[in-house]
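Data first, discussion second: the structure below is written as structure tokens.
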Amino acid sequence: MSKVLIFTEHQNGTLKRSALELLSFANKESLQISAILVGSHSHSVISELGSWGVTQIYQLNDTSFDQYNPELFDAAFFEVAQQATPNLILASSSSLGKDLFPRVSARLNFACASDCTHLEFNNGQIKATKPLYSGKCLADVQFETTPVVLMRANQLPVMEKPNKNSSPQITSIPAPSLDLKTVVKNIVKGTSQRLDLTEANIIVAGGRGVKGPENFKLLNDLADVLGATVGASRAVVDAGWVPHEMQVGQTGKTVAPTLYIAVGISGAIQHLAGMSGSKVIVAINSDPNAPIMQKATYGVVGDLFEILPKLTEEFKQVLAH
Amino acid sequence: MKIFVCIKQVPDTETKIKILPDSSGIDAATVKWVVNPYDEYAIEEAVKIKESLPGSVVTVITLGPKKRVADVLRTAIAMGADEGIIIDAPESLDPLSTAKALAATIKKEGEFDLILTGQAAIDDNASSVGPMVAQILSIPHSAVISKLTVTNESFLVEREVEGGNKEVVQMQGPALISATKGLNTPRYASLPGIMKAKKKVLKELDLNGLNLEKTLGTKFTHYRLPPEKPATKIISGDASTQVRELVRLLRDEAKAL
Ligand SMILES: Cc1cc2nc3c(=O)[nH]c(=O)nc-3n(C[C@H](O)[C@H](O)[C@H](O)COP(=O)(O)OP(=O)(O)OC[C@H]3O[C@@H](n4cnc5c(N)ncnc54)[C@H](O)[C@@H]3O)c2cc1C
């Protein structure tokens, strides 16, 4: 049986959706599952992992692991991989995943592919799919040695929890004693309480058509009702209306939510590069010829200032039932 | 300071991508090639450091078919970089092979203080080569950097992480830093810069000449266009009608709620 090692990211003791996607895949394929669990507050996740069929947990619960440090994590994850001897490593293509796993893979001489959007077993071989050239084409990824696959969030289905109660064995991985060259001095907390854009299932994004930073309130109101994250085009980031972390596109974030609502965004190719993988795209734009209208699933031609408040109200009504 | 900047030539975002008839890759001949946009931030930052610390040397390195990729080195030199090195290699090398070749080249060149790269190349969006190079050279890295301050012997950086949080990280050099938007505004090359770059003799290395062990890595196959999306449904009527219809479609047809 194939042994998979999954990096199960969690937030305040709750598994992230991206982790559930990977666990679902491993269950669907009946793999033998080990998990890497990080953080001194991660105990509550253990039984959860057990019910997802995880039989072995490598726990990095020293307080030094509460803050990401590439050197420290590189050494610890290397140790885990040595002990676990997996045939496959799965993790989310999150900012942490993309920072850490290429580094660890280089040390292990494993074959790492990030930003994958599909995963399957084909005659016992793992095959991933990856968008290239800003989503203008797709390719299959073949692995010549142990695969390390970093999956974009919201790509794999989450199954119902199998409730396996596998009472996993726990191996505690101590903090490696290293002469660290990297020190995290300070963390400046963002103001947003919402999910990161790359993980969000629904995104409401605003462009120059929103006409000013104060009008982002209309988007925030809609996002509140939908539990969505608010994004933006580069035009409004460059204008200083919203911070860069909200930018979607070629020089911003690549996102692939279930629902992307583009409000007053024309749909320049650099913007599409970051969001064309979204499952359902809604465009709200006064210009029926805006390029976004060609890419959208649903196009609403009209004045966003009239439409947004009504849309927020309608969702409120519908979602209340 | 001795600075290396690793850069990549990529298809311009505006360019149309044609897939080869045998699906083994894209038709490179029909593509407009540019410097990877994130690498421009890396080049600019290196040149800025050089301007503030006289005596610094900035060497740009790229890897790929030498006739074509020489252009990106000349662009970087026109912006103010000093030296350029090409590693002549086939079109699509995977990230780990690329990182090994870059690391071997840098090692051969001797001592250095800083390596800069872009946080991702917009062609394969792997964000991998930087951290891999750092691992191979046993140096620290910090990725997705929007602010860099150079102090004695150390680098103070700000990096964007999930949820809009920012980390302030201090690294003892030598170190590798990958740049993102916000770090600076890349300059346009000056005319004298362009003239100088044209005449610059680039150092050429051959991938095989680096005597690297064969890397087992990833291979991209079966290139194809993404599945066609159905035509856009335009929702008409007055605002109230549009909104009701949109929410109904999202719920009942697209099942997106
Ligand atoms: C190297 C490079 C990288 C780039 N990277 C990115 C990137 O990462 N992300 C990105 O987004 N862009 C990027 N761009 C910029 C991109 O080319 C566009 O300039 C930008 O996306 C335009 O933003 P916008 O759609 O908000 O503005 P505009 O193009 O000005 O569009 C505004 C839209 O709002 C509509 N509108 C106006 N008023 C209303 C109203 N009352 N109601 C409804 N609709 C209204 C208009 O019809 C129009 O379609 C990049 C460009 C370059 C050269």
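The values are calculated or read from the model by the stated rules, or taken from the named source; none is laboratory data. It should be emphasised that the depicted structure is a prediction, and the values quoted were computed from it without experimental measurement. Here the Cβ positions follow ideal geometry from the backbone for every residue, glycine too, while neighbour counts run over all protein chains shown. Surface areas here come from the heavy atoms of the whole protein model, side chains and all, with no ligands, DNA or RNA. Shrake-Rupley method; radii C 1.70, N 1.55, O 1.52, S 1.80 Å.
Whenever you get a sec, compute what percent of the accessible area on chain A sits on carbon and sulfur atoms (1.4 Å probe).
Values: 5900 of 12310 Å².
Of the solvent-accessible surface of chain A, carbon and sulfur hold 48 percent.
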Could you work out how far helix A:304-320 tilts from the main Cα principal axis of chain A, as a 0 to 90 degree angle to the nearest 10? 50
Peptide A:301-307 - average C-beta neighbours from other chains (10 Å radius): 3
Probe radius 1.4 Å, ligands and nucleic acids ignored: give me the carbon and sulfur share of the accessible area of the stretch B:1-132 as a rounded percent. 52
Taking every other residue with Cβ under 10 Å from the Cβ of B:Leu202 and scoring Lys and Arg +1, Asp and Glu -1, one gets +2
A:Lys3 and B:Glu109 label points (each 7 Å along its Cα→Cβ direction) are spaced in nm at 4.1
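Could you give the accessible area per residue of the stretch B:75-156, probe 1.4 Å, as a whole number in Å²? Display every interim value, and only then the final one.
Working: 2640 Å² over 82 residues.
Ligands and nucleic acids excluded, the result is 32 Å² per residue.
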Can you give me the C-alpha center-to-center distance between the stretch B:178-202 and the stretch A:92-130, rounded to a whole angstrom? 34
Please report the antiparallel percentage of the DSSP beta bridges confined to chain B, to the nearest 5. 40
Each label point is 7 Å from the Cα along the Cα-to-Cβ direction; what then is the distance between the points at A:Lys217 and B:Lys16, in nm? 4.7
If I histogram all Cα-Cα distances within the stretch A:90-248 using bins 10 Å wide from 0, what percent of pairs lands in each bin? 8, 24, 30, 26, 11, 1
Report the Stokes-Einstein translational diffusion coefficient (µm² s⁻¹, integer) for the stretch A:3-172, Rh taken as the Kirkwood radius over Cα pairs, at 20 °C with viscosity 1.002 mPa s. 134
How large is log10 I(q)/I(0) at q = 0.08, 0.10, 0.11, 0.12 Å⁻¹ when the Debye formula is applied to the Cα atoms of the protein assembly as shown, each weighted equally and without solvent? -0.54, -0.87, -1.06, -1.25
From the Cα centre of the stretch B:75-140 to that of the stretch A:263-321, the distance in Å is 40
Relative contact order for the stretch B:139-236: what percent, with Cα pairs under 8 Å and sequence separation of 6 or more? 22
The base-10 log of I(q)/I(0) that the Debye equation returns for chain A at q = 0.06, 0.14 Å⁻¹, one scatterer per C-alpha, is -0.23, -1.11
Threshold 20 Å², the stretch B:141-159 residues less accessible with all protein chains present than alone (1.4 Å probe): B:His141, B:Arg159
Tell me: how much accessible area in total is hidden between A and B, 1.4 Å probe, Å², nearest 100? 7300
Have a look at the stretch A:266-289 and report residues whose accessible surface goes down by 40 Å² or more when the remaining protein chains are included, against the chain on its own, probe 1.4 Å, ligands and DNA/RNA excluded. A:Ile269
Beta carbons within 10 angstrom, averaged per residue: use that to sort the peptides B:220-228, A:166-174, highest first. A:166-174, B:220-228
Seen from all sides and averaged, what is the projected area of the convex hull of the Cα atoms in the stretch A:249-311, in nm²? 3.9
Charged-residue dipole, Cβ positions (Lys, Arg, Asp, Glu), chain B about Cα centre, Debye nearest 20: 420
Which residue, chosen from A:Cys137, A:Ala75, A:Ser47, occupies the Cα position most advanced towards the positive end of the dipole of the stretch A:3-172, where the dipole is computed from +1 (Lys, Arg) and -1 (Asp, Glu) charges on Cβ about the Cα centre? A:Cys137
Accessible area per residue of the stretch A:215-314 at 1.4 Å probe, in Å²? 32
Chain A, relative contact order [Cα under 8 Å, separation at least 6], %: 15
How many nm is it between the label spots at B:Lys219 and A:Ser172, if each spot is 7 Å from the Cα in line with the beta carbon? 4.6
